[in-house]
Amino acid sequence: MSVSPIGRETARVDGPLKVTGRAPYAADYHPDGLVHGHLVLATVGRGTLRAMDVTRAEAAPGVIAVYTPFQPVRLINTFQGFGAENYVPLQDTTVRFRGQIIGLVVAGTFEQARDAAALITADYAGTPPRTSLADAGPGRSQDIVQVLAPGVASIDDVLRAGPVTITTTVTQPAQHHVAMEPHATTATWEDDQLTVYSGAQMPQRSAPAIAAGLGIDPAKVRLICRYTGGGFGGRSPAWNEAKLCAAAARALGRPLKVVLSREQVFTTVGHRPAVRQTVRLAAQADGRLLALAHDSDAEYPAAGGWPLIPAQHTSGVLYRTPNLRLDQRLVTLDTPSTWAMRAPGEAPGSFALETALDELAARTGVDPVELRLRNYATQHPVEGRPFSSKHLDQCYRLGATRFGWDRRPARPRSRTDGDWLIGMGMSTAAYPTDREAATVRVRFHDNGRVSVASGTSDLGTGAWTVLAVAGADTLGLPVEVIVPELGDSALPPGGVGAVGSAVTANTMPAVRAAGRAAIGTLLRAAVENPRSPFHGLDPADVSYRQGRLHSGRRSMGFDELLRAIGTPALDAIGATDPAQDSPYAFHSFGAHFCEVRVHRLTAEIRVNRFTSVFDVGTVINARTARSQFIGGIIWGIGHALLEADPIEPDGRYAAATMADYLVPVNADIPDIDVHWLGYPDPHISESGARGLGELGTVASAAAVGNAVYNATGIRVHDLPITLDKLL
Amino acid sequence: MREFRFERPGTVADAVRRPAPGTAFLAGGTTLVDLMKLEVMTPARVLDINRLPLRGIDQTRDGLRIGALERMRDVAAHDLVRRRYPMLAQALEASASGQLRNMASIGGNLLQRTRCGYFRDVSVPCNKRAPGSGCPAIEGENRMHAVLGASDACVATHPSDLAVALVALDATVRLRSRAGTRDVALRDFHLLPGTTPEREHDLRPGELVTDVIVPDLGWASRSVYVKIRDRQSYEFALASAAVAVRRDGDTIAEARVAVGGMGTRPWRLPAVEAALAGRPAAEASYTAAAEHATDGVRPLRHNAFKPALMRRTLVRALLELERIR
């Protein structure tokens, strides 16, 4: 009897390949005749290119071609109102932001291309760019969400009346994904068929996007991204560099690879927009909310980008309140494209909301956990639908116990350990999940293996292993027998995009559907094929269990059957429907608890402890789930304490290197205690699993900030919270 | 990266024989290779000195001699260094990352270039990289920049931790050129930027650092290096302090004090040393003495916190010293 691997600790099936360097990433492909490209980027923030001098580059050793707006390779702009960039490079002389692609040098080696690119000079007619969010006024509103109690004309009246009122404005600068694998594309043409190797979160969307940019039939483009070194939103669209690489490869008639330098990644692909948010609360003296208003002004590049909505899935979800208003505005700036980054709206939005809640707790004297329980929502505050499965109250209580929340001093700056001030803070995480359509193919092979194929992608977070676990569970087979396949646009259509924490929760049910369908195919072949020992039996008399077919006392493995009937493989496709018009709102939840220490003299902030308890439905693989949660919390610690890329008046990012753009290192991270409740969600799907990937990132920064306040009595509203703000 | 000629001299005499302009010595390469890739440094000729016999950590008549090619990791781990000059070992261990410390040499550490982002980005002006082109840091992002020793031409901070501890210990560097050998006090070796920020040290064309000499100072066995930074590892100092104290009972008899992250070069603080001498070893004395640390500071827009941080870092270092038995 094989035991289901669901919820157990399953090691990554791709782990051995990765730690031995045998997992090929986009830049690891070396087709015959390969040449190398290096980008040239604009060094002014806005303006027009008057001329570019490429003569020295063209004469440099090994150079094969130089493309610029004055000698372009053709690309088609297919922007239709939503998407990353609203232009394609080299098709005009407009400079939209500093760091825009203005050239591509192709040479025999990477070094030759890079060194020749440095010889190109550009002459610009510049105009001052708009780069400062702080200097800009309120932006233009996207949808305004408003719920008002009967008789209330304006939420402002309630927010003014109190009895307790809180107004909190928080800001954060641009942040970057800084995925470990820099963006890279290898493009190779065979006649009119293009193969692109490029990290992608949605291979089946990136491939047609590249085709459209080239003006060719989408069926002619195959995108392969078996291994991808981090996505986090930064690889959800196909960026201009990938399109340019494919176009230049076509023009040259040879395979081309373009690998961005680490510095180039900062402006060539999207970043999390800078944003200013204000949360206003009105509450009764016991902390019960009367009104909640959340406004935001987010950077939105003139060159196109991600429209940030930080309040929608935070203030719009978390608490019961009779009056609610969300106004999420966009401010047009001349900056590189913005794009979704790990919990795109929820990470910044939750910092604003959960900081304001902490201020309300401090003002009313109500314990922060108790305050949240008093405002507990059992239905979606805007949509009115009940949550499908919400046990957040248990997350609070269990988390508080595991962490030792009762030792938190209510009065700030009242606990010390030697020269260190000690403080504790908490916060609430929520992340929307849903059930999307998904398609999977399950194929039995005559060598005893079963492949489980999905057109999704694995960014390093565990989808390879989830396919193996789901296949093993569905078919009653050991995980080792399952051969997962993903990261290829040529796989059956309907792969879930590796976005929105969606892969596991949505692919699981499709694997089950495909597994059942494949078993059906196998059983049909067993009774219909004349060479099968089951031939002629009533299909109802043949059954499948744990890789074997049974009928009466007759039994044989699926591989034996396939060999007997001379069929190398049999497969079936399984598809699931999206959860449309569900009576339930689907969200995952969690509670964070954090202890920090702040040095009384030098004000360094160090995280001592972190405990988080999550409510995410069924967990499929405990090991990768825990890694996701811990990674998310580390991301939150970086969000709170380190991550910042200031933009200068000329549009230059001041910290566009990994030396200057700080993310946490091991020494910054304590042991992180992660726990989940394990209630299957009865409404999301038969697997009971909701998304969890991004949840750890949501509100973990606020828990850190609230702990810093508890330690020091100082509330820092401008992220990151660095020591100079506490001196 | 520009093309260059690569040579590998077999002797020190060979290495210094032809002091052609545009020559760079390659030791660990952790600064040079980085900056060559960025085209911040474009030497025409690179002399790999790693085969030269500039090794060894040993006691000499002049003090502890450290060969210029000794790696940071090996110096930090050396028993003599750890016992006699704990602040040196601590400064080294607080620097860079394990991988870099395995590669980077002691001589190269003292000659490392500033981490100023404008210096390292060839798309913007920089007086240090391109004399006369201007200094964007003065009006730009200057949170990490210097408040001591800056000029209208340059406000870049010297990044070495090791140099701060060595300056506190009155170390000298031994230099070798075609003309012979000379010793220069480390305090005088690094230059203030003035109007010539491209000149960073008193090193003549073709001259090579061969040794670092740390004079004997018995009471430096009670010394600390405290480094304050945004993240706990792999990051340059916002402020650092190298401190040694000789106590006479409960009174401070003598002190050595230098700070990093503050100046355009490693910064010794004689006024603080004088203010500590004769005072009781207590926090109030430290706080009073630290007031002298910030004489003459010139804060910029984003680093106005640094003088206060420097004073507090000194107090913290002196308190930590007290706790050492």
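The values are calculated or read from the model by the stated rules, or taken from the named source; none is laboratory data. Remember, it's a predicted structure, so these values are computed and weren't measured experimentally. Ideal geometry is used to build each Cβ from the backbone, glycine not excepted, and the neighbour counts take in all protein chains shown. In case anyone asks, the SASA skips ligands and DNA or RNA and just uses the protein heavy atoms, side chains included. Shrake-Rupley method; radii C 1.70, N 1.55, O 1.52, S 1.80 Å.
Computed values, structure above
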read-out	value
Counted residues, the range A:529-555 - those being assigned to a loop (DSSP other than H, G, I, E, B) and either aliphatic (A, V, I, L, M) or over 20 Å from residue A:472 (Cα atoms) (or both)	13
All positions within the range A:404-431 that are within 30 Å of residue A:628 (Cα to Cα), open to solvent by 20 Å² or more (accessible area, probe 1.4 Å) and either in the same structural domain as residue A:504 (by TED's automatic domain parsing) or part of a loop (DSSP other than H, G, I, E, B) (or both)	A:408
Residue in the range A:594-618 that is nearest to the other protein chains (Cβ to nearest Cβ), counting only those that are open to solvent by less than 10 Å² (accessible area, probe 1.4 Å) and under 29 Å from residue A:384 (Cα atoms)	A:612
Selection within the range A:669-702 - within 21 Å of the chain's Cα centre (by Cα), of a type outside the set (Val, Ile, Thr) and either within 11 Å of another protein chain (Cβ to nearest Cβ) or not in a strand (DSSP E or B) (or both)	A:690, A:691, A:692, A:693, A:694, A:695, A:696, A:699, A:700, A:701, A:702
Where a residue in the range A:61-83 is farther than 30 Å from residue B:4 by Cα and its partner, wherever it lies, is assigned to a strand (DSSP E or B), with Cβ under 7 Å and at least six apart	A:69/A:49; A:69/A:102; A:70/A:52; A:73/A:67
Residue count, the range B:226-242 (criterion: within 14 Å of chain A (Cβ to nearest Cβ) and assigned to a strand (DSSP E or B))	6
Residue list for the range A:354-379, filter: over 20 Å from residue A:423 (Cα atoms) and open to solvent by less than 10 Å² (accessible area, probe 1.4 Å)	A:375, A:377
Single match in A:364, A:314, A:355 (criterion: modelled with pLDDT of 95 or more, within 20 Å of the chain's Cα centre (by Cα) and assigned by TED's automatic domain parsing to the domain that holds residue A:717)	A:314
The range B:94-127, subset more than 12 Å from chain A (Cβ to nearest Cβ) and free of Cβ contacts under 8 Å to residues at least 40 places away in the same chain, residue most open to solvent (accessible area, probe 1.4 Å)	B:99
Residue among A:524, A:531, A:516, A:512 that alone is in contact with a helix residue (DSSP H, G or I) (Cβ under 8 Å, 6 or more places away or on another chain), basic (Lys, Arg) and crowded, with 18+ Cβ neighbours inside 10 Å	A:512
Residue in the range B:275-286 that is farther than 23 Å from residue B:147 by Cα, among the aliphatic types (A, V, I, L, M), within 14 Å of another protein chain (Cβ to nearest Cβ) and open to solvent by 10 Å² or more (accessible area, probe 1.4 Å) present	yes
Residue that is farthest from the other protein chains (Cβ to nearest Cβ) [pool: residues in the range B:1-34 that are in contact (Cβ under 8 Å) with a residue 24 or more places away in the chain and under 15 Å from residue B:109 (Cβ atoms)]	B:25
Verdict on residue A:241 being in contact with a helix residue (DSSP H, G or I) (Cβ under 7 Å, 6 or more places away or on another chain) and either at pLDDT below 95 or acidic (Asp, Glu) (or both)	yes
Test: residue in the range A:623-636 that is in a loop (DSSP other than H, G, I, E, B) and either over 21 Å from residue A:466 (Cβ atoms) or within 14 Å of another protein chain (Cβ to nearest Cβ) (or both)	no
Among residues of the range B:295-311, those that are under 18 Å from residue B:274 (Cα atoms), assigned to a helix (DSSP H, G or I) and charged (D, E, K, R), counted	1
Which listed residue is in contact with a helix residue (DSSP H, G or I) (Cβ under 6 Å, 6 or more places away or on another chain) and either over 25 Å from residue B:121 (Cβ atoms) or at pLDDT 95 or above (or both), from A:40, A:54, A:44	A:40
Strands (runs of 3 or more DSSP E) wholly inside the range B:162-222 containing at least 1 residues that are crowded, with 20+ Cβ neighbours inside 10 Å	B:172-177, B:208-214
Contacts under 6 angstrom Cβ, first residue in the range A:251-262 being in contact (Cβ under 8 Å) with a residue 12 or more places away in the chain and of a type in the set (Val, Ile, Thr), partner in a strand (DSSP E or B) and surrounded by 21 or more Cβ atoms within 10 Å (Cβ to Cβ), 6 or more apart	A:258/A:37; A:258/A:185; A:259/A:184
Residue match in the range B:245-260 (condition: part of a loop (DSSP other than H, G, I, E, B) and either farther than 30 Å from residue B:114 by Cβ or at pLDDT 95 or above (or both))	yes
Breaking point among (1) within 30 Å of residue A:42 (Cβ to Cβ); (2) open to solvent by 10 Å² or more (accessible area, probe 1.4 Å); (3) of a type in the set (Val, Ile, Thr), for residue A:269	(2)
Residues located in the range A:556-569, provided they are in contact with a strand residue (DSSP E or B) (Cβ under 8 Å, 6 or more places away or on another chain) and either open to solvent by 50 Å² or more (accessible area, probe 1.4 Å) or assigned to a helix (DSSP H, G or I) (or both)	A:558, A:559, A:561, A:562, A:564, A:568
Scope the range A:639-668; condition more than 9 Å from every other protein chain (Cβ to nearest Cβ), within 22 Å of residue B:95 (Cα to Cα) and either open to solvent by 30 Å² or more (accessible area, probe 1.4 Å) or not in a loop (DSSP other than H, G, I, E, B) (or both); matching residues	A:658
Selection from the range A:273-297 of residues that are acidic (Asp, Glu) and farther than 15 Å from residue A:362 by Cβ	A:295, A:297
Which listed residue is of a type outside the set (Ser, Thr, Tyr), assigned to a loop (DSSP other than H, G, I, E, B), surrounded by fewer than 21 Cβ atoms within 10 Å (Cβ to Cβ) and assigned by TED's automatic domain parsing to the domain that holds residue A:184, from A:45, A:83, A:99	A:83
Filter result (surrounded by fewer than 15 Cβ atoms within 10 Å (Cβ to Cβ) and either small (Gly, Ala, Ser) or part of a helix (DSSP H, G or I) (or both)) within the range A:133-155	A:134, A:137, A:141, A:149, A:151, A:153, A:154
Unique residue being of a type in the set (Gly, Ala, Ser), surrounded by 15 or more Cβ atoms within 10 Å (Cβ to Cβ) and not assigned by TED's automatic domain parsing to the domain that holds residue A:512 when the list is A:37, A:21, A:33	A:37
Sole residue being closer than 20 Å to residue A:652 by Cβ and crowded, with 24+ Cβ neighbours inside 10 Å, chosen from A:336, A:348	A:336
